[in-house]
């Protein structure tokens, strides 16, 4: 098929949602589909890149920040995408559009369906569908409630990544349309992320991976590290990522003289893999997720994980085998859990069992996951 992929953020722009769409787009292109990605441009990127079976078109909108986008910038991208595609689709024909996020990309896909009769699917990345996090996103969800419901009801399929997301969208669009909602988990590159336990640091190394934004709750992470430093000094912390909370975090580290903490910023994939190879523990105190790519990558690399009950995490973590789940915002529990890991597992050279890792990789590798998307897309287009 010729598939038009819509996503306002696509690597190197954005976070997990962009990474997921990149893996799916590249995977589908390798299976023979012709993929065109329409995304955002920022300074330093080409407006167009062309690879075998995949073309990337970056539109100039108001987006300025590589890490995150404001509602105004998203609306700007919607406007630019509608304008560009209204002309582009006159001479370029597609079988399907694949919208990442019900908004803003779903709005563009819905527009193209009405203008060109182009069918579409939606891939939700958790916070775009009411009411996973009604407190933080109440205003956004309230304004666009009817529009979001219309977008999801008129799609051929709505893909979600976790059981919680599936239950939420089933309720949101109603029983009559629930058949459209399909659960396909996130994954990892099985060839790149490998558990080299002999490369693990001999001194406890803790990672924080992700954008330094409220959603990831990095300040709770630092509060836990401060408490850990009081009780246990023999460790290092590497913070991988960037965002609008970085300055606040750096000030906190200076204020409390947390010499164990190193800010590494945004890293290349090769550098990320090197960090995963050496780390012993990942702490991910996120407030909400779809299904965390960072956690999946860490587990593939044999790293023990302490995290919250955010969407998808209960499907990734087996208690005391590959990690622990603690309540949201509880830095004391994180510190206690890290100390228990250090005493009971790290000092005893604990390794996540190979049988567990092998089973985990069967369920969460991108090769198999892309095949699920391929099978689903073929089925729904045939039915249509």
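Read the figures in this text as sums done on the coordinates, not as results from a lab. Quick caveat, the model's predicted, so the values are computed rather than measured. Please note: Cβ atoms are built from the backbone with ideal geometry, for glycine as well, and neighbour counts cover all protein chains shown.
Odds and ends about this structure:
- Shape call, the stretch 324-377: gyration tensor on alpha carbons, a/c limit 1.5: oblate
- Taking every C-alpha pair closer than 8 Å and separated by at least 6 residues, the mean separation divided by the residue count of the chain gives a relative contact order of 14 percent.
- For the chain, the longest principal axis of the C-alpha atoms and the axis of helix 354-363 are separated by about 20°.
- Taking label points 7 Å from Cα along the Cα-to-Cβ direction, residue 247 and residue 114 give a separation of 4.1 nm.
- Here the chain has an Rg and Dmax of 21.0, 66 Å, counting Cα atoms alone.
- Helix axis angle, 246-255 relative to the chain longest principal axis, alpha carbon, degrees: 10 degrees
- Between 0 and 90°, nearest 10: helix 16-30 axis offset from the chain longest Cα axis: 60 degrees
- The translational diffusion coefficient of the stretch 1-146, from Stokes-Einstein at 25 °C and 0.890 mPa s with a Kirkwood hydrodynamic radius over alpha carbon pairs, comes to 159 µm²/s.
- The stretch 106-191, relative contact order in percent, only Cα pairs under 8 angstrom and at least six apart counted: 29 percent
- Distance between the C-alpha centres of the stretch 77-112 and the stretch 215-293: 37 Å, rounded to the whole angstrom.
- Full extension of the chain between residue 150 and residue 345 yields a length gain of 65.2 nm, computed as 0.36 nm times the residue separation minus the alpha carbon distance.
- Remark: the residue 64-residue 198 segment gains 44.1 nm on full extension, using 0.36 nm per residue and subtracting the alpha carbon distance.
- Projected label distance in nm at residue 274 and residue 82, using a 7 Å step from Cα toward the beta-carbon: 4.6 nm
- Contact order normalised by residue count of the stretch 197-363, Cα under 8 Å, 6+ apart, percent: 25 percent
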